[in-house]
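The values are calculated or read from the model by the stated rules, or taken from the named source; none is laboratory data. Bear in mind that the values here come from a model prediction, so they are computed numbers and not experimental data. A quick note on method: Cβ atoms are made from the backbone with ideal geometry, for glycine too, and the neighbour counts reach across all protein chains shown.
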Amino acid sequence: MERVSQTKRPPRSAEAEKRLKRENERLRRELAERERQLGDAKKQIADLERQLALRNQNSTITSKPPASDGLAGRQRVRGRRRKSRRKPGGQPGHPGHSRPLVPVARVSVIIDLVPDACGHCRRALNATEEAGDPRRYRTHLLHVPDDGAYSLVAAVWRPGQRTAVHDHIAWCVVGVHRGEEHEIRYRLVGEELVEDGHTVGPCGEVTVLTPPGDIHAVVNDGTAVAASLHVYGADLRRRRTSVRRCYDLAVRGPA
């Protein structure tokens, strides 16, 4: 029989065996940590998928009411119209829609309902202020709230008095309180003004001015004192005027 020689492995030293055990324990700990991290990642992915499913739900595809859409649901697709460069409100040339006035022939009694004072601040014009100033039209600051969000001003014109051509530092809502006011609007074209419309505001008429493009002048063409109330979107306690600029330029009629 042929003998096969076998090489005997040298016996491991105690130090090498300890080193292998330590390495084995380290690998076991790393494996356990990787498995823990993998489990956490799976939980996070499941939570994100659940949140995404909720965001994709709204009242159009579920039984939820529209009020519940809020930030938690996907917003409805709105119209994608491009923003217009036009100013809000009726455009020039628009005929407008309003309730027709009753013919004068059918009116038997006319009653002017004029409040004695502001219902909020109780401020009222005295007899001197209501009569106007014989030298020029006058404005009277009636009320400004503590936060300066707006200013209430009364303007008084005697017959024939008028303002300079001007614009304003802020938006304004004007209500004719007594008499009639004739307004002339302008456009600034180069170094001259072009008339852009005439309106006559009777008692009770309300108009809105929104800068820019609010250049106008107001005149009392009637035979009685005219007065109007103005609400400006600015604090006029220090500035004392709503006028931004007066225009002393050549004026030509409408094109």
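Residues to consider are 206, 189, 174, 200; find the one that is exposed (fewer than 14 other Cβ atoms within 10 Å of the Cβ) and within 22 Å of the chain's Cα centre (by Cα).
Details: 189 fails: within 22 Å of the chain's Cα centre (by Cα); 174 fails: exposed (fewer than 14 other Cβ atoms within 10 Å of the Cβ); 200 fails: within 22 Å of the chain's Cα centre (by Cα).
Step by step, each of 206, 189, 174, 200 is checked, and only 206 is exposed (fewer than 14 other Cβ atoms within 10 Å of the Cβ) and within 22 Å of the chain's Cα centre (by Cα).
Return the pairs, sorted by first residue and then second, in which the second residue is of a type in the set (D, E, K, R) and at pLDDT 85 or above, the first residue lies in the range 142-161 and is under 18 Å from residue 128 (Cα atoms), the beta carbons are less than 6 Å apart, and the residues are 6+ apart or on different chains.
156/138
Could you list all residues from the range 209-228 that are surrounded by fewer than 17 Cβ atoms within 10 Å (Cβ to Cβ) and over 15 Å from residue 159 (Cα atoms)?
Of everything in the range 209-228, those that are surrounded by fewer than 17 Cβ atoms within 10 Å (Cβ to Cβ) and over 15 Å from residue 159 (Cα atoms) turn out to be 210, 211, 212, 213.
Quick check on my filter: what residues within the range 153-170 are surrounded by fewer than 18 Cβ atoms within 10 Å (Cβ to Cβ) and in a strand (DSSP E or B)?
Residue satisfying the conditions is 162 alone.
Identify the residue in the range 83-127 that is of a type in the set (D, E, K, R), modelled with pLDDT of 70 or more and assigned to a loop (DSSP other than H, G, I, E, B) and, among all such residues, is farthest from residue 206 (Cα to Cα). Steps first, answer last, please.
Of all residues in the range 83-127, those of a type in the set (D, E, K, R) come to 83, 85-87, 99, 106, 112, 116, 122-123.
After this cut, where a residue has to be modelled with pLDDT of 70 or more as well, the list is 83, 85-87, 99, 106.
When the remaining residues are screened for being assigned to a loop (DSSP other than H, G, I, E, B), the result is 83, 85-87, 99.
On the way: 83: 28, 85: 25, 86: 22, 87: 18, 99: 15 Å.
Among those residues, the one meeting the criterion is 83.
Which residues, taken from the range 128-152, are among the hydroxyl-bearing types (Ser, Thr, Tyr), farther than 15 Å from residue 178 by Cα and outside any loop (DSSP other than H, G, I, E, B)? Steps first, please.
At the first step, the residues of the range 128-152 found to be among the hydroxyl-bearing types (Ser, Thr, Tyr) are 128, 137, 139, 150-151.
From the residues that got through so far, the ones that are farther than 15 Å from residue 178 by Cα too are 128, 150-151.
Hits for the range 128-152 are 128, 151.
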